[in-house]
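Structure, as structure tokens:
The values are calculated or read from the model by the stated rules, or taken from the named source; none is laboratory data. The structure presented is a predicted model; accordingly, all values stated were derived computationally and were not measured. All Cβ positions, glycine included, derive from the backbone under ideal geometry; neighbour counts span all protein chains shown. Heads up: the accessible areas ignore ligands, DNA and RNA and are worked out on the full protein's heavy atoms, side chains in. Shrake-Rupley method; radii C 1.70, N 1.55, O 1.52, S 1.80 Å.
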Amino acid sequence: MNVGEISEFCFKAYMLRQRDENREDTDFGKIYELSDDVNLVDIDWEPSLKQSLDDNDWETLRDELRIGKSRSKAKMDISINKTRYSMKDVGGSPYAIVNHTARPGYENVCNDVGVSIKELDIIIDEYWKLRAERIIAEDVKNSDNTCPFLSHKTYMKKIIEYFIFTGTGSGKSIHPADKVLELNYKELPS
């Protein structure tokens, strides 16, 4: 289980508690709608699990509440008051926006967002040249001046937004996201 998955179970349990205790002081206001692409809408909070929530005991929360993990092709992890969120835990290693997508997947995305893949091919060629010269490593931050993507922000924006909110290289999600919710599940308020 990775940090993002653990975070998802803990946060969903936390939001169930917020909803079922009728709290109005949440970051989302009063919770009148809570769902995911699995079963969250049908789950009720169990007050006996408060200590498990406080301890971030995700296994107990998952098993006792029967919280499901969002499907891998779903971009939305949770819907709160009709806003669909893709959850990203910032308490661990940096999260990836794109995982293991081959060129045909990028072709699909480029076609879907209306940009030519030719510019991406040029950027990738530059990436491999910089890698071969040991100027950059496999992972290079966009804030690094040697990043080959840095001068192509406008072009890359549509592609990155697609991967964050809309789908994967193999197609659109039936559960797209509206926003990204960054959180650290270890620091959820009581």
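I'd like to check something: does segment 163-179 contain any residue that is buried (at least 16 other Cβ atoms within 10 Å of the Cβ), farther than 27 Å from residue 18 by Cα and hydrophobic (A, V, I, L, M, F, W, C)?
Within segment 163-179, one or more residues are buried (at least 16 other Cβ atoms within 10 Å of the Cβ), farther than 27 Å from residue 18 by Cα and hydrophobic (A, V, I, L, M, F, W, C).
So which of 48, 86, 35 ends up being of a type in the set (Ser, Thr, Tyr), over 30 Å from residue 142 (Cα atoms), modelled with pLDDT of 90 or more and open to solvent by less than 50 Å² (accessible area, probe 1.4 Å)?
Numbers: 48 fails: open to solvent by less than 50 Å² (accessible area, probe 1.4 Å); 86 fails: over 30 Å from residue 142 (Cα atoms).
Unique residue meeting the criteria: 35.
Which of the residues spanning segment 121-137 are assigned to a loop (DSSP other than H, G, I, E, B) and surrounded by 13 or more Cβ atoms within 10 Å (Cβ to Cβ)? Steps first, please.
Filtering segment 121-137 for residues assigned to a loop (DSSP other than H, G, I, E, B) gives 133-137.
Passing the criteria: only 136.
Filter segment 89-113 down to residues that are open to solvent by 40 Å² or more (accessible area, probe 1.4 Å) and acidic (Asp, Glu) and give me whichever is nearest to residue 8 (Cα to Cα).
The selected residue is 112.
Name the residue, out of 119, 126, that is touching a helix residue (DSSP H, G or I) at 6+ places or on another chain (Cβ under 7 Å), over 25 Å from residue 4 (Cβ atoms) and free of Cβ contacts under 8 Å to residues at least 40 places away in the same chain. Step through it out loud before you land on a result.
On the way: 126 fails: touching a helix residue (DSSP H, G or I) at 6+ places or on another chain (Cβ under 7 Å).
Selected residue: 119, the only one of 119, 126 that is touching a helix residue (DSSP H, G or I) at 6+ places or on another chain (Cβ under 7 Å), over 25 Å from residue 4 (Cβ atoms) and free of Cβ contacts under 8 Å to residues at least 40 places away in the same chain.
What's the total number of residues in segment 138-162 that are β-branched (Val, Ile, Thr) and open to solvent by 100 Å² or more (accessible area, probe 1.4 Å)?
Of segment 138-162, the ones β-branched (Val, Ile, Thr) are 140, 146, 154, 159-160.
Now restrict to residues that are open to solvent by 100 Å² or more (accessible area, probe 1.4 Å): 154.
Selection size over segment 138-162: 1.
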